[in-house]
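> Quick one: the structure is below, and I'll ask about it shortly.
What follows draws every value from the coordinates through simple rules; no lab data is involved. As the structure is a computational prediction, the values presented were derived from the model and not from experiment. Virtual Cβ from ideal backbone geometry, glycine too; neighbours counted across all protein chains shown.
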Amino acid sequence: MNPTRDVTVNYVKFINELTDELMSMRADGTSYRRETAKLSLFVAKQVESVKPFFDRKVACETVAQLLPTKDLERLKDVAKMLHVVLLDLHSKANQSDELKARLTERARKRKSLKLIPVVYTRQEP
């Protein structure tokens, strides 16, 4: 399946998801991740379309055109964030009702995890 053939993610949902990602990073992300989220939102608003971000290579080229002063690693990270967020939204939008029901049921049945402290003792040889 080629996701670009069936664009089910609209631009507004994409921007909202990137905004949520930025807010999440502001709450508990590193400064590097916050900057990546901020730049991703900037690029998406400049492009005004989701199509370039379905393909990682095209996403990288688009990001490089809009952020020419950033280093290669930053460009790759911004492109990756745009690509991954879009594919996640696309995947969720194309889930069958049966799969959605199964996932909801599994989440309902899942027992909560209880974390317990682990104490390591050093054993002498």
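> Could you pull the Rg and Dmax for the chain, using just the Cα atoms, both in Å?
Every Cα atom of the chain included, Rg and Dmax give 19.4, 65 Å.
> Pick from L39, L82, L115: which is most flexible by mean-square fluctuation in a GNM of the chain where alpha carbon atoms under 10 Å apart are linked?
The residue that fluctuates most here is L115.
> Please give the helix 56-66 orientation as an angle from the longest Cα principal axis of the chain, in degrees from 0 to 90, rounded to the nearest 10.
Its long axis makes an angle of about 60 degrees.
> Please report, in debye to the nearest 20, how large the charge dipole of region 11-109 is about its Cα centre when each Lys and Arg carries +1 at its beta carbon and each Asp and Glu carries -1 there. Display every interim value, and only then the final one.
Numbers: 19 positive and 15 negative charges, 42 e Å.
For this selection, approximately 200 debye.
> Something else now. Figure the gain on full extension for D28 and R122 (residue separation times 0.36 nm, minus the Cα-Cα span) and round it to one decimal in nm.
Details: separation 94, 0.36 × 94 = 33.84 nm, distance 3.42 nm.
Stretched out fully, the D28 to R122 stretch lengthens by 30.4 nm.
> So if we plug the beta-carbon distance of T104 and T69 into 1/(1 + (r/R0)^6) with R0 = 41 Å, what FRET efficiency do we get, rounded to 0.05? Let's see the in-between values first.
Working: r = 45 Å, r/R0 = 1.11.
After rounding to 0.05, the efficiency reads 0.35.
> Right, something else. Please sort by residue number the trypsin sites (Lys or Arg not before Pro) in region 44-125 whose DSSP state is loop and whose Cβ has at most 11 other Cβ atoms within 10 Å. Present the calculation step by step, with values, prior to reporting the outcome.
Numbers: sites: K45, R56, K57, K70, R74, K76, K80, K92, K100, R102, R106, R108, K109, R110, K111, K114, R122; in loops: K70, R110, K111, K114, R122.
Taking region 44-125 and a limit of 11 other Cβ atoms within 10 Å, the loop trypsin sites (Lys or Arg not before Pro) found are R110, K111, K114, R122.
> Return one number: the angle in degrees, 0 to 90 and rounded to the nearest 10, between the long axis of the Cα atoms of helix 97-109 and the longest principal axis of the Cα atoms of the chain.
Relative to the chain, helix 97-109 is tipped by roughly 30 degrees.
> Quick check: the distance between the Cα centres of region 1-71 and region 87-117, to the nearest angstrom?
If you average the Cα positions of each part, the centres end up 25 Å apart.
> Roughly speaking, what is the stretch gain from S112 to T19, that is 0.36 nm per residue apart minus the C-alpha to C-alpha distance, in nm to one decimal?
Numbers: separation 93, 0.36 × 93 = 33.48 nm, distance 2.93 nm.
Difference between extended and current length: 30.5 nm.
> Still on this structure, please answer the following. Past the 19 Å Cα-Cα mark, which pairs from K57/K80; K13/K109; K45/K100; K13/K51? It would help to have the intermediate numbers written out before the result.
Values: K57/K80 10 Å; K13/K109 29 Å; K45/K100 30 Å; K13/K51 13 Å.
As for pairs spanning more than 19 Å Cα to Cα, those are K13/K109; K45/K100.
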